[in-house]
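Please read the structure below before turning to the comments.
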């Protein structure tokens, strides 16, 4: 609703939910406070918000299990090349079926990427605009 500058949290999912700025490091006495700009992340990754959400799900989020054998670098490469989880899953399944490939990825039955994606796009939040006095 444009009422907050950013989100102060250590949870990177705040960016996935669309917070313009993630501000982290308030709990550390040794590390500096860091501000992460979502627009710069999207530009730097060469992704739109839908692709970024899929990347975050592939990397691991609080709302579903992850694909075994896929880390952040592989997830980034897959989304960068195929642009969405559905296309990535097709490539992963094809790779798993290839007897010449050594690496096998474990897709859990409970990989609820569509449900997770919907939660990031349409979170259940209170949308009543509070009255703020200046």
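Worth pointing out:
- Filtering the stretch 88-106 to residues that are in a helix (DSSP H, G or I) and within 23 Å of the chain's Cα centre (by Cα) leaves 88, 89, 90, 91, 92, 93.
- Test: residue in the stretch 72-87 that is surrounded by 14 or more Cβ atoms within 10 Å (Cβ to Cβ), touching a residue at least 40 places away in the same chain (Cβ under 8 Å) and in the same structural domain as residue 117 (by TED's automatic domain parsing): no
- Meets criteria (under 30 Å from residue 132 (Cβ atoms) and at pLDDT below 95) for residue 27: yes
- Every residue from the stretch 61-70 that is in contact with a helix residue (DSSP H, G or I) (Cβ under 8 Å, 6 or more places away or on another chain) and without any contact (Cβ under 8 Å) to a residue 40 or more places away in the chain: 70
- Test: residue in the stretch 26-41 that is under 27 Å from residue 107 (Cα atoms), touching a residue at least 24 places away in the same chain (Cβ under 8 Å) and within 14 Å of the chain's Cα centre (by Cα): no
- Complete set of residues in the stretch 92-134 that are touching a strand residue (DSSP E or B) at 6+ places or on another chain (Cβ under 7 Å) and within 24 Å of residue 50 (Cβ to Cβ): 105
The values are calculated or read from the model by the stated rules, or taken from the named source; none is laboratory data. Remember, predicted model here, so these are calculated numbers, not experimental data. All Cβ positions, glycine included, derive from the backbone under ideal geometry; neighbour counts span all protein chains shown.
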